[in-house]
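The values are calculated or read from the model by the stated rules, or taken from the named source; none is laboratory data. Predicted model only: the values in this text are computed from it and were never measured. Virtual Cβ from ideal backbone geometry, glycine too; neighbours counted across all protein chains shown. Ligands, DNA and RNA are excluded from the accessible area calculation, which covers all protein heavy atoms including side chains. Shrake-Rupley method; radii C 1.70, N 1.55, O 1.52, S 1.80 Å.
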Amino acid sequence: MPHINVKMFPRRDDEKKKDLADKLLQCAQEALGCPAEALSVSVEDVAQEDWNRDVGEKIPGDKIYSGEMYKVK
């Protein structure tokens with residue numbers, strides 16, 4: 001069953017993360033045509049200094065289906 005993992009800098013509180021997760025779940029449910037019970041969303045904080053190593057360099061460009069991978073300069 002689909003799982004969405006969101007990685008972001010640790011600036012948002014749990015309420016904002018929950019709101020994002022709920023909205024992503026709703027969009028995924030509509031786009032994939034599966035019940036909410038079959039979906040899950042997690043939110044993982046990644047420190048800015050670890051971003052390139054832990055996220056930016058780990059996800060291949062051909063797996064980015066929307067937007068662009070952010071790289072810390």
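Across the stretch 12-53, the convex hull enclosing all Cα atoms gives 87 Å³ per residue.
Ligands, DNA and RNA are left out, and with a 1.4 angstrom probe the accessible area of the chain is 78 Å² per residue.
Share of carbon and sulfur in the accessible area of the chain stands at 50%, probe radius 1.4 Å. Which whole-number percent gives the relative contact order of the chain, counting Cα pairs below 8 Å spaced six or more residues apart? Dividing the mean separation by the residue count of the chain yields 39 percent.
Looking at the chain, the chymotrypsin sites (Phe, Trp or Tyr not before Pro) that sit in a DSSP loop and have at most 10 other Cβ atoms within 10 Å of their own Cβ are TYR65. Farthest towards the positive end of the charge dipole of the chain, among the residues PRO2, SER42, GLY61, is the Cα of GLY61, using unit charges on the Cβ of Lys, Arg, Asp and Glu. Note on ASP54 and ARG12: the model spin-label points, each 7 Å out from Cα along the C-beta direction, lie 1.6 nm apart. Applying D = kT/(6 pi eta Rh) to the chain, where Rh is the Kirkwood radius over alpha-carbon pairs, T corresponds to 25 °C and eta to 0.890 mPa s, the Stokes-Einstein value obtained is 181 µm²/s.
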